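Accompanying notes for the structure given below.
The values are calculated or read from the model by the stated rules, or taken from the named source; none is laboratory data. Everything numeric in this text was worked out from a predicted model, so none of it was measured. Heads up, the Cβs are rebuilt from the backbone with ideal geometry, glycines too, and the neighbour counts pull from every protein chain shown. The protein model used for the area step is the full one, side chains on, heavy atoms only, and it has no ligands, DNA or RNA in it. Shrake-Rupley method; radii C 1.70, N 1.55, O 1.52, S 1.80 Å.
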Amino acid sequence: MRREHPAWKPDVLGDGFRSLTLELGEDDEGPVVATLVSHCPAVPPVPVEGKVDAVLYLHGWSDYFFQADLARFWAAQGVAFYALDLRKYGRSLRPGQSEGYVGDLAEYDADIEAALEAMEADLQARCGAGMRTTLMAHSTGGLVAALWADRFPGRLQALILNSPWLELSGSSMLRFATNGLLEPVARRRPRTRLKIPEFGFYFRSISSAMDGEWDVDPLWRPPFSFPVRAGWLRAVLAGHAQVARGLDIRVPVLLLASAASTIAPAWNPLMLRTDSVLDVNLMVQRGVLLGPEITVYRFDGALHDTLLSALPVRTRVYDGILRWSRAFMLPR
């Protein structure tokens, strides 16, 4: 039986955007919700087989969906675009909740399932069609998306990962050591805040209030990271371990990444044209373990979120996505 959803409402992104609150029950911090954002300015074309192409986007850590240009890009291809603010992030964060906290990345299965159900109902109501779904995700959302695609084969037509966090920067040995030290604390007091240095360099590279060009809500995308809690980090490391063992995603996968990383404890102007968050070489090494059909595009001058890079760079990124999508995703 389908859930009964309240009406869609105008979204903070303005004209052409609307949002829907998805009720997900309660946990020990109270009611839990996710928020689905939609950008479908026109009725999407329905192919002969009666299914609309749809993209569902997942954001990264300490983040939310604000990339209106991405939504407009997909709409221009005739694709119904949706984005999900996961539980305890952005539009879905409620007072008294631990920002971004889950103790197991599989908790997001409920968020994704609720979103897919709402998308299908929306498209049925708007154009009387089913959907073919591509999941697109950034950073930690990319880890969540990859693990979900592996657990639920046959649900997607394609997967697009924008700088996915597939391994702890450094090496798998560092992950083993970190997990060993973390485990006792995470088991007994999972919401313990860890003292991890945070420099805010990535925020500096994207925010229009600093050296970037994007207007971001500092409460939903703070200059410094949400508190990193022991149980959450343990869940992420467990996901990294699964990727290192190899996944079996049986749909085409596109991995987008910068050509280089600049990770340092002091600001460096190179952070305006490289990934200042993750080791992109390690990311690509792990990326080829996701399944048998992986395409990797790397871009000189790209930031951690390649689609927030300077205009000439992000134009190349969009061109790459379009070429790939015409080959592997969109009907021909």
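Net length available on complete extension from R323 to A7 is 110.2 nm, with 0.36 nm assigned per residue and the Cα-Cα distance removed. Ignoring lysines fewer than eight residues from K9 along the same chain, the ones with Cα atoms less than 28 angstrom from its Cα are K51, K88. Springs between Cα atoms under 10 Å define the GNM used for the chain, and in it the highest mean-square fluctuation of G141, G239, G320 occurs at G320.
In a simple Cβ point-charge model (Lys, Arg +1; Asp, Glu -1; nothing else charged), region 245-332 has a dipole of about 260 debye relative to its Cα centre. Only Lys, Arg, Asp and Glu carry charge here, each on its Cβ (+1 for the first two, -1 for the last two); on that basis region 1-127 has a dipole of about 580 debye about its Cα centre. Distance between the modelled labels on A42 and I196, one decimal in nanometres: 4.4 nm (7 Å Cα→Cβ projection). Net charge in the neighbourhood of N281 (other residues with Cβ under 11 Å of its Cβ; Lys, Arg +1, Asp, Glu -1) is -1. For the chain, the solvent-accessible area of protein heavy atoms averages 42 Å² per residue (probe radius 1.4 Å; ligands and nucleic acids excluded).
Of interest is the spacing of the C-alpha centroids, which for region 196-242 and region 302-317 amounts to 18 Å. Over all distinct Cα-Cα pairs of region 34-129, the Kirkwood formula returns a hydrodynamic radius of 14.2 Å. Of the solvent-accessible surface of the chain, computed with a 1.4 Å probe and all protein chains present, 55% belongs to carbon and sulfur. A cut-off of 5 Å between modelled amide H atoms, ignoring neighbours fewer than 5 places along the same chain, links R132 with V52, D53, A54. Taking a ≥ b ≥ c as the square roots of the eigenvalues of the alpha-carbon gyration tensor, region 176-332 is classed oblate because a/c is 1.5 or more while a/b is no larger than b/c.
Hydrophobic long helices, here whole DSSP H runs in the chain with Kyte-Doolittle means of at least 1.0 and Cα atoms spread over 30 Å or more along the helix axis, are not found.
Across all C-alpha atoms in the chain, the radius of gyration and Dmax reach 18.9, 56 Å. Relative to the Cα centre, the charge distribution of the chain, modelled as +1 at Lys and Arg Cβ and -1 at Asp and Glu Cβ, gives a dipole magnitude of about 460 debye. Would you mind classifying region 103-236 by shape? Square roots of the alpha carbon gyration tensor eigenvalues, ordered a ≥ b ≥ c; an a/c under 1.5 is rounded, otherwise it is prolate if a/b is larger than b/c and oblate if not. Taking the square roots of the gyration eigenvalues as a ≥ b ≥ c, region 103-236 is oblate. The alpha carbon centroids of region 113-160 and region 16-62 are separated by 9 Å. When each of the peptides 208-221, 264-277 is scored by the mean number of other C-beta atoms lying within 10 Å of its residues, the order from highest to lowest reads 264-277, 208-221.
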